[in-house]
Amino acid sequence: RPLSVPDEGRYAEIPREMIIHHDYITPRLNDIKYFEKPPLFYWMEAGVIRLFGMDEGVLRSTIAVLAILGCLATYSATRELYGRRSAWMASLILGSSLLYFAMAHFITLDMPVTIWLTLALLAFLVGVHVAPGTKRRLLLWGFYVCAALAVLTKGLIGIVLPVAIIGLWMLIAR
């Protein structure tokens with residue numbers, strides 16, 4: 001299907017203009033500087049466009065891959081904490097949730113920021129429940145990296161939400 005207006009068109013045009021202008025620092029929309037959102041998703045889309053060309057399916061593939069990554073991360077974290085059966089159920093429920101499934105088909109920043117926040121919080125959750133050592137340290141570093149990627153996708157929400165969630169959890173769990 002064709003790109004919907006205005007979001008899908010906007011989030012496809014900005015990376016296209018990055019490629020045309022050979023400027024991956026300054027996002028532009030219709031040759032006007034567009035600093036409304038951070039550039040990570042534009043960079044991801046520009047990479048996909050450079051590799052596979054400008055096509056609706058290609059443009060939506062970034063979102064679809066991120067949605068699959070979210071299901072795999074849910075499976076992995078749930079398996080670590082609760083076992084294989086629970087992991088299958090959790091990833092199946094996530095992948096078949098109507099909103100998640102629908103958002104995996106639209107080019108917006110909502111799915112990428114959701115995935116980065118999910119990965120960050122799952123890394124933190126598993127990291128807290130794993131015995132101290134290298135694995136815990138790597139998971140907590142993964143938390144920081146994924147929160148940073150969320151900030152690079154949609155701004156301060158990428159750090160405010162994890163800090164608020166973890167802070168509330170610390171208050172409740174002591």
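Sort F35, F101, F124, F106 from largest to smallest accessible area, using a 1.4 Å probe on the heavy atoms of the protein chains.
Details: F35 135, F101 115, F124 40, F106 75 Å².
Most to least solvent-accessible, the answer reads F35, F101, F106, F124.
Counting only helical runs of four or more DSSP H residues, what would the 222 nm mean residue ellipticity of the chain come to if each run contributes -39,500 (n - 2.57) and the total is spread over all its residues?
-25500 deg cm²/dmol
Where does the charge balance sit around A64 when Lys and Arg score +1, Asp and Glu -1, over other residues with C-beta under 15 Å from its C-beta?
Charge balance near A64 sits at -3.
May I ask for the Rg/Rh ratio of the chain, computed from Cα atoms with Rh as the Kirkwood radius, given to two decimals?
Value, to two decimals: 1.02.
If the only charges are +1 at each Lys and Arg Cβ and -1 at each Asp and Glu Cβ, what is the size of the charge dipole of region 72-174 around the Cα centre, to the nearest 20 debye?
360
In the full protein assembly as shown, how much of V65 is accessible to a 1.4 Å probe, in Å² to the nearest 10?
90
Accessible area per residue for the chain in Å², computed with a 1.4 Å probe and the full protein assembly in place, what is it?
Accessible surface, normalised per residue, equals 58 Å².
Taking all protein chains in place and a 1.4 Å probe, what share, in percent, of the accessible surface of region 95-145 do carbon and sulfur account for?
Values: 2080 of 2730 Å².
With neighbouring chains kept in place, the figure for region 95-145 is 76 percent.
Counting every Cα pair in region 10-67, what percent are over 18 Å apart?
Everything past 18 Å amounts to 25 percent.
Could you give the angle, 0 to 90 degrees to the nearest 10, between helix 40-52's Cα long axis and the longest principal axis of the Cα atoms of the chain?
Helix 40-52 and the main axis of the chain meet at about 60 degrees.
Just how much of L66 is accessible, in Å², when a 1.4 Å probe is used and the result is rounded to the nearest 10?
10
Counting only residues 5 or more places away or on other chains, whose amide H sits under 5 Å from the amide H of R28 once H atoms are built in the peptide plane?
M18, Y34
The values are calculated or read from the model by the stated rules, or taken from the named source; none is laboratory data. Owing to the predicted nature of the structure, the values given are computational and were not obtained by experimental measurement. Positions of Cβ are backbone-derived with ideal geometry, glycine not excepted, and every protein chain shown enters the neighbour counts. Surface areas here come from the heavy atoms of the whole protein model, side chains and all, with no ligands, DNA or RNA. Shrake-Rupley method; radii C 1.70, N 1.55, O 1.52, S 1.80 Å.
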